[in-house]
Amino acid sequence: MNKTAVVSGAGIKENWQKRFFTIWTGQVFSLLSSELVQFALVWWLVETTGSAAILSYATMIALLPSAFLNPFIGVWVDRWNRRMIMIVADMVIALSLVWLVIGFVVGTITVWHVLVVMFIRSIGGAFHLAAMLASTSLLVPEKHLGRVAGMNQLLN
């Protein structure tokens, strides 16, 4: 392929499906596993405390950070490297989970540990989702954006 084709976007149009669906498939597995972990943490909180108040706090901690940050995250995602945002967000989420698993193995986990991890996961997830959604329009030709947006919405 010549340099002009790459600059004009012809290379993206030819190979967009392979590139996009490789990333999208990884995101499917990432999102599903993340939701399973979130469910397990909520279940643990309910089983451990039996408290509706703790469940309410956990829900607020899991939802409010991304709700407050979302108006600003879009600006940051547009200025920074989207790939690095997704990688760093996934790493932070994974490291917080590793810390939690170690705590469970050692037997030192308390409710506040789980709440902190839920808070970190919420922030990381907000950055990751914004970067992924912003990247979609760069990876997919305009005529397929509606279909891909529907797939992303189904995934979310």
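With the condition kept exactly as written, say whether any residue in the stretch 50-60 is of a type in the set (S, T, N, Q), closer than 22 Å to Trp99 by Cβ, open to solvent by less than 40 Å² (accessible area, probe 1.4 Å) and modelled with pLDDT under 90. No.
Residue pairs whose Cβ atoms lie under 8 Å apart, separated by 6 or more positions or on different chains, with the first residue in the stretch 10-21 and over 13 Å from Ser135 (Cβ atoms) and the second modelled with pLDDT of 80 or more and not in a helix (DSSP H, G or I), are Lys13/Pro141.
Modelled with pLDDT under 85 and open to solvent by 50 Å² or more (accessible area, probe 1.4 Å): is that true of Thr22 in this structure? Outline the logic, then answer.
Working: modelled with pLDDT under 85: yes; open to solvent by 50 Å² or more (accessible area, probe 1.4 Å): yes.
Here the answer is yes, as Thr22 does meet what is asked.
Name the residues in the stretch 36-45 that are surrounded by fewer than 14 Cβ atoms within 10 Å (Cβ to Cβ) and either closer than 13 Å to Leu115 by Cα or among the aromatic types (Phe, Trp, Tyr) (or both), would you? Those that are surrounded by fewer than 14 Cβ atoms within 10 Å (Cβ to Cβ) and either closer than 13 Å to Leu115 by Cα or among the aromatic types (Phe, Trp, Tyr) (or both): Phe39, Ala40, Trp43.
Screening the candidates Phe104, Phe119 for the property of being within 18 Å of Pro65 (Cβ to Cβ) and modelled with pLDDT of 90 or more yields one hit, Phe119.
Name the single residue, out of those in the stretch 130-154 being in contact (Cβ under 8 Å) with a residue 40 or more places away in the chain and within 11 Å of the chain's Cα centre (by Cα), that is nearest to Gln17 (Cα to Cα). Residue satisfying both the conditions and the ranking: Met132.
The values are calculated or read from the model by the stated rules, or taken from the named source; none is laboratory data. Because the structure is predicted, anything quoted here is derived from the model rather than measured. Methodologically, a virtual Cβ is constructed for each residue, glycine included, from the backbone with ideal geometry; neighbour enumeration extends over all protein chains shown. With ligands, DNA and RNA removed, areas are computed over all heavy atoms of the protein, side chains included. Shrake-Rupley method; radii C 1.70, N 1.55, O 1.52, S 1.80 Å.
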